[in-house]
1. Multiply the residue gap between Met253 and Asp191 by 0.36 nm, knock off their C-alpha separation, and tell me the result in nm, one decimal place.
2. Roughly how tilted is helix 230-242, in degrees to the nearest 10 and between 0 and 90, from the longest Cα axis of the chain?
3. Do you know the relative contact order of the chain, to the nearest whole percent, from alpha carbon pairs under 8 angstrom that are 6+ apart?
4. Starting from the Cα of Thr105, step 7 Å along the direction of its Cβ; do the same at Phe2; then give the gap between the two resulting points in nm.
5. Between Val223 and Thr244, what is the label-point separation in nm under the 7 Å Cα-to-beta-carbon projection?
6. What is the packing order of peptides 153-160, 72-79, 11-18, 258-265, taking the mean over residues of other C-beta atoms within 10 Å and listing the highest first?
7. Which links in Lys90/Lys257; Lys127/Lys210; Lys154/Lys216; Lys181/Lys203; Lys154/Lys181 stretch past 18 Å when you go from one Cα to the other?
8. Out of all DSSP beta bridges in the stretch 131-253, what portion is antiparallel? Express it as a percent rounded to 5.
Amino acid sequence: MFNITFNEAIKLNEESARAYLEQVRWSGEPSCHRCGGLNPYVINRSNQAGVYRCRECKKDFTVTTGTVFERSHVPLKTWIMAASLMAASKKGISALQISRMLDITYKTAWFVMHRLRYAMQVTESVKLDGVVEVDETYIGGRKRGSKRGRGTSKMPVVSLVQRDGSVRSLHIERLTANNLKEYIRENVDTDADVMTDDFKSYKGLDKEFKSHGVIKHSNKEYVRGDVHTNTVEGFFSLFKRGITGAFHHISKMHIDKYLAEFDFRYNRRKVTDSERTAMLLSNIEGKRLSYYTI
């Protein structure tokens with residue numbers, strides 16, 4: 001996969017940015033997203049560059065057709081720079097900062113970032129296995145006088161982390177035993193060793209999985225041999241620092257998009273920033289998102 005750093009992205013013009021995106025999306029061989037035709041020809045238009053016509057279905061298309069970039073008036077260079085910054089920012093980067101750095105309006109930066117977060121949403125078909133840590137947390141501020149944790153207006157989030165592997169996170173409306181166990185069943189292999197704290201909703205997982213290790217946080221126990229939830233708690237710490245330092249506030253409407261962003265970076269933490277950028281841009285196909293559906 002063709003990789004590019006942020007410093008290299010700054011030097012792009014619109015033509016080279018298009019060539020880079022074509023390399024990432026098509027590996028240099030344009031194909032029609034409608035019928036899959038692999039032998040299009042170039043259409044020369046004075047007002048639009050990079051237009052191809054499919055020999056099979058006779059439809060015109062560009063590298064942005066059928067992607068989150070379609071019908072956007074934002075220059076491709078700006079899209080690539082924004083993707084590079086988001087892919088490289090371990091704790092996230094705010095739309096206001098993107099607006100300043102790329103010289104675009106805040107509204108445009110906000111829309112660009114949500115489109116890129118939409119591209120970061122990846123549906124995983126392979127279940128987590130090995131040792132899988134499960135934990136829940138609460139996101140958001142609390143009203144003055146309200147209690148901490150459960151019973152407040154905060155948003156509950158559950159994350160599953162395979163040690164030395166991937167994370168999967170979800171905002172759950174209510175942290176009930178049925179909701180938690182259903183999400184675990186959908187994403188964790190039955191041959192896995194599941195690690196949780198002593199939250200009562202996790203009871204009974206030993207009957208559905210290879211083993212269920214419980215660390216008793218209520219007794220101020222945090223590690224017992226291999227039994228702990230420190231990995232998933234480390235992920236939560238990273239996510240919450242992103243909220244505190246970059247975003248400051250996340251609404252219930254958009255929390256899943258932010259979770260997808262942090263999951264995407266965490267699951268590709270062992271590659272370079274430029275490789276992660278290319279992985280993000282290769283994931284734009286087949287996704288459309290208008291301003292009014294965000």
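Every read-out reported here was derived from the displayed coordinates using simple, explicitly stated rules and does not represent laboratory data. Please read these numbers as outputs of a predicted model, since none were measured by experiment. Glycine also receives a Cβ, built like all others from the backbone with ideal geometry; neighbour counts cover every protein chain displayed.
1. 18.8 nm
2. Relative to the chain, helix 230-242 is tipped by roughly 50 degrees.
3. 23 percent
4. Using points 7 Å along Cα→Cβ, the separation is 3.2 nm.
5. About 2.2 nm, to one decimal.
6. In decreasing order of mean packing, 153-160, 72-79, 11-18, 258-265 become 258-265, 153-160, 72-79, 11-18.
7. Beyond 18 Å: Lys154/Lys216; Lys154/Lys181.
8. Beta bridges within the stretch 131-253, antiparallel portion: roughly 65 percent.
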